[in-house]
Structure formats: C-alpha cells, structure tokens
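Structure, as structure tokens:
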Amino acid sequence: MHEHLPALAVKIAKMLSIQPEYVVTQPAELRILGEMSKADVREFAKVTAGV
C-alpha cells in the first residue's frame, strides 16, 4: 500500500461529504492512483465513498 493512500482517502471522503463527486487532478494524487491496479482503484473508490 502506498504510504500516502490513507491521507488521500481522508481528503476524498471529506470532499464527497460536501459534494457528490470528486475529480482527481493533482499530479501527486494521480501518481498514487496510477500505481494501483484497476481492481485496487475500484475497491479504494468503493471504500472511500462509503459504498
């Protein structure tokens, strides 16, 4: 697991509590997610969104 993934999850969850979607545009965030498999990103999204 990437060391910054928990912080990214908190940031995304906080944004999703305010608005219905969050678009990742920051290079560091894109790099973290880009290092993950599609299945891992999908699971991360489900957990982060509380689905």
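With each run of n ≥ 4 DSSP H residues scored as -39500 (n - 2.57), what mean residue ellipticity at 222 nm is computed for the chain after dividing by its residue count and rounding to the nearest 500 deg cm²/dmol?
The helix-only estimate for the chain comes to -20500 deg cm²/dmol at 222 nm.
When every alpha-carbon pair in the range 5-49 is counted, what percent end up more than 15 Å apart?
Beyond 15 Å sits 39 percent of the P(r) for the range 5-49.
Determine ³J(HN,Hα), in whole Hz, for all residues of the range 21-34 in sequence, where each value follows from phi through the Karplus function 6.51 cos²θ - 1.76 cosθ + 1.60 and θ = phi - 60°; x replaces Gly and Pro.
Taking θ as phi minus 60°, the curve returns 8, 9, 9, 7, 10, 6, x, 5, 5, 4, 5, 4, 5, x Hz for the range 21-34.
Please give the contour-minus-distance gain from residue 41 to residue 24: 0.36 nm per residue of separation, less the Cα-Cα distance, rounded to one decimal in nm.
4.9 nm
If we sort 24-31, 5-12 on the protection proxy, mean other Cβ atoms within 10 Å, highest first, what's the order?
Taking the mean over residues of other Cβ atoms within 10 Å, the ranking is 5-12, 24-31.
If the chain between residue 33 and residue 15 were fully stretched, how many nm would it gain, using 0.36 nm times the residue separation less the Cα-Cα distance?
4.8 nm is the gain from fully extending residue 33 to residue 15.
Quick note: the coordinates plus some simple rules give every number you see, no bench work behind them. These figures come from a predicted structure and were not determined experimentally. Note: ideal-geometry Cβ built from the backbone for every residue, glycine included; neighbour counts use all protein chains shown.
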